[in-house]
Amino acid sequence: MERKLIAEPFKIKVVEPITMTSRSQREHAMEAAGYNTFLLNSRDVYIDLLTDSGTSAMSDNQWAGMMLGDEAYAGSANFHHLETAVREIYGFNYVVPTHQGRGAENILSRIAIKPGDWVPGNMYFTTTRAHQELAGANFADVIIDEAHDPQAAHPFKGNVDLNKFQELIDRVGAGKIPYICVAVTVNLAGGQPVSMENLREVSAMARNHGIKVMFDATRCVENAYFIREREDGYQNKPIAEILKEMFSYGDGATMSGKKDCLVNIGGFLALNDAELYQKATQLVVLFEGMPSYGGLAGRDMEAMARGIYESVDYYYIQHRIEQVRYLGGELAKAGVPIVEPVGGHAVFLDARQFLPHIPQEQFPAQTLAAQLYIESGVRSMERGIVSAGRDKNGKHYLPKLELVRLTIPRRVYTYAHMDVVAEAVIALFEQRHLIKGLEMVYEPPVLRFFTARFRPLAQ
Ligand SMILES: *Cc1c(COP(=O)(O)O)cnc(C)c1O
């Protein structure tokens with residue numbers, strides 16, 4: 001039977017009460033937080049859609065695994081479980097655990113990049129690009145143009161543009177490109193997937209030129225679901241099989257376990273090459289810990305190993321994607337401008353269209369996120385000019401996409417919560433012309449979106 005909603009494929013065993021706040025409490029809290037949703041206290045938040053990072057609900061099986069932590073300094077049994085999970089599900093030979101994704105990005109950037117190198121990527125991610133640049137690389141965006149257009153209908157908006165990749169190779173030389181970073185799905189494009197065909201072609205082109213393919217695997221299970229849904233020949237394939245094929249086109253991956261591995265903390269660097277792995281183990285002791293724990297407790301590695309197996313369950317990932325799509329559908333029906341098609345982990349509001357009267361230098365997405373919180377207690381995140389930061393000459397990067405991200409934690413909220421969020425956004429949309437922009441009053445030098453502070457512009 002076709003169902004209107006894909007009901008939760010889990011029952012609730014433990015509950016966590018959430019706080020209710022009044023509008024005046026929220027106005028006060030937002031002002032104290034400098035109009036930056038990152039600086040709010042979570043106890044002042046009703047429905048927290050800031051991020052899906054580390055906010056997942058673990059299963060009873062994962063919690064049971066937490067009690068089986070082998071807290072040995074070296075050679076923990078849980079490390080071997082993690083290694084087995086990564087080999088079986090992702091297909092990479094070697095795994096270096098890290099405290100989270102950026103720990104792996106740091107190590108990969110340092111072992112693979114020389115100053116003056118170029119690292120192409122299908123759009124950027126904040127911490128990923130920051131680590132590449134810190135290691136001396138120049139970043140080159142090689143995503144297809146459709147990704148920069150919030151309304152472009154394309155089933156795989158995360159795809160790499162092979163012409164852009166080839167042009168970069170021609171311009172700087174393959175010797176200056178240690179690897180291409182392929183994100184599956186592409187967070188900043190709206191959780192948009194990459195097709196298997198594209199992965200195959202990118203891999204062939206890279207290998208022809210002796211360039212490695214390194215995945216940002218953070219949301220790889222979501223990507224596999226979209227391939228199963230949209231790409232010919234994959235409709236009846238198990239998610240695990242699709243994932244294995246995706247990674248067969250790469251040489252390694254950085255992983256934020258806080259996303260698709262269904263844990264609250266953890267990550268890893270996965271590699272096939274023995275020599276690179278050797279280098280990674282030399283660095284991990286400096287930045288994270290022993291190669292067999294890398295900044296994680298044994299129990300954390302156990303939870304991540306179990307989460308990896310759970311994440312490829314079809315009913316789990318179907319519910320996740322359909323729940324996100326449901327929220328997007330409710331907003332689109334009401335005429336709210338969102339990024340389409342709706343991606344894997346979030347619904348993105350198009351702040352340029354939502355607030356056309358606010359110029360980008362007055363931070364429309366930042367403004368919208370702040371107003372949504374004041375209106376409803378729903379916490380979202382800016383993904384626009386503030387997140388993009390400044391270039392080497394100190395100028396704002398001016399990204400085409402000026403978005404507010406409503407990110408859905410895994411297995412945490414119900415459809416009733418999605419309805420509350422939709423109603424709040426729609427109410428704001430109806431009074432959008434009353435909303436005024438912001439000015440920045442404090443700006444840290446890197447990753448400014450985390451801690452920058454703002455104040456409302458006078459009339
Ligand atoms: C979250 C994320 C990272 C960084 O991972 P952390 O665990 O937050 O350090 C890297 N890439 C993408 C696409 C992400 O979403």
Please work out which residue is nearest to the ligand (Cβ to nearest atom), limiting yourself to segment 128-149 and to residues that are touching a residue at least 60 places away in the same chain (Cβ under 8 Å) and surrounded by fewer than 18 Cβ atoms within 10 Å (Cβ to Cβ).
-> H148
Answer yes or no as to whether G377 is at positive phi, buried (at least 23 other Cβ atoms within 10 Å of the Cβ) and at pLDDT 95 or above.
-> yes
Filtering segment 87-110 down to residues that are part of a helix (DSSP H, G or I) and away from the ligand (no atom under 16 Å from the Cβ) yields R87, E88, I89
Near pairs, Cβ below 6 angstrom, 6+ apart or cross-chain, from segment 77-101 (on the phi < 0 side of the Ramachandran plot and outside the structural domain of M290 (by the TED database)) to any residue that is part of a helix (DSSP H, G or I) and more than 16 Å from the ligand (Cβ to nearest atom) = none
From the option list K157, K114, single residue qualifying as of a type in the set (K, R) and either over 22 Å from the mean Cα position of the chain (by Cα) or in a strand (DSSP E or B) (or both) is K114
How many residues are away from the ligand (no atom under 16 Å from the Cβ), β-branched (V, I, T) and either assigned to a loop (DSSP other than H, G, I, E, B) or touching a Lys or Arg at 6+ places or on another chain (Cβ under 7 Å) (or both) if we restrict to segment 31-62?
-> 2
If you check T414 against the conditions, is it more than 25 Å from Q362 (Cα to Cα) and not assigned by the TED database to the domain that holds T126?
-> yes
Could you look through segment 111-127, keep only residues that are open to solvent by 40 Å² or more (accessible area, probe 1.4 Å) and away from the ligand (no atom under 12 Å from the Cβ), and pick out the one that is nearest to M246 (Cα to Cα)?
-> W118
So which residues in segment 218-259 are within 16 Å of the ligand (Cβ to nearest atom) and outside any helix (DSSP H, G or I), if there are any at all?
-> T218, R219, G250, G252, A253, T254, M255, S256, G257, K258, K259
Kindly provide the set of residues from segment 173-192 that are within 16 Å of the ligand (Cβ to nearest atom) and at positive phi, ordered by number.
-> G190, G191
Can you pull out the residues in segment 218-246 that are open to solvent by 10 Å² or more (accessible area, probe 1.4 Å), touching a residue at least 60 places away in the same chain (Cβ under 8 Å) and of a type in the set (G, A, S)?
-> A240
Could you please let me know if T98 is touching a strand residue (DSSP E or B) at 6+ places or on another chain (Cβ under 9 Å) and within 30 Å of V421 (Cβ to Cβ)?
-> no
Among (1) closer than 22 Å to I111 by Cα; (2) surrounded by 24 or more Cβ atoms within 10 Å (Cβ to Cβ) - the single one L276 does not satisfy | (2)
Only residues that are open to solvent by 10 Å² or more (accessible area, probe 1.4 Å) and either without any contact (Cβ under 8 Å) to a residue 12 or more places away in the chain or part of a strand (DSSP E or B) (or both): list them for segment 176-217, please.
-> C181, A183, A204, R207, N208, K212, D216
Unmet criterion (only one of (1) in the same structural domain as R411 (by the TED database); (2) in contact with a Leu (Cβ under 6 Å, 6 or more places away or on another chain)) for A104 | (1)
L82, sole failed condition from (1) farther than 30 Å from D350 by Cβ; (2) touching a Pro at 6+ places or on another chain (Cβ under 7 Å); (3) not in a helix (DSSP H, G or I) = (3)
Output yes when any residue across segment 154-172 is touching a Lys or Arg at 6+ places or on another chain (Cβ under 9 Å), within 13 Å of the ligand (Cβ to nearest atom) and touching a residue at least 60 places away in the same chain (Cβ under 8 Å), and no when none is.
-> no
All strands (runs of 3 or more DSSP E) inside segment 396-459 with 1 or more residues being open to solvent by 50 Å² or more (accessible area, probe 1.4 Å) and over 30 Å from I12 (Cβ atoms) | 438-442, 453-456
Which ones in segment 44-73 are open to solvent by 70 Å² or more (accessible area, probe 1.4 Å) and at pLDDT 95 or above?
-> D60, W63, M67, L68, E71
Using the structure shown, decide if R405 is within 23 Å of I338 (Cβ to Cβ), over 22 Å from the mean Cα position of the chain (by Cα) and of a type in the set (K, R).
-> no
G65 vs (1) under 24 Å from the mean Cα position of the chain (by Cα); (2) away from the ligand (no atom under 16 Å from the Cβ): all pass except (1)
Do we find that G307 is modelled with pLDDT under 95, in the same structural domain as T185 (by the TED database) and of a type in the set (G, A, S) in this structure?
-> no
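The values are calculated or read from the model by the stated rules, or taken from the named source; none is laboratory data. Because the structure is a prediction, the values reported are computed rather than measured. As a convention, Cβ positions derive from the backbone with ideal geometry for all residues, glycine included, and neighbour counts pool all protein chains shown. These area figures cover heavy atoms from the full protein model, side chains too; ligands, DNA and RNA do not enter into them. Shrake-Rupley method; radii C 1.70, N 1.55, O 1.52, S 1.80 Å.
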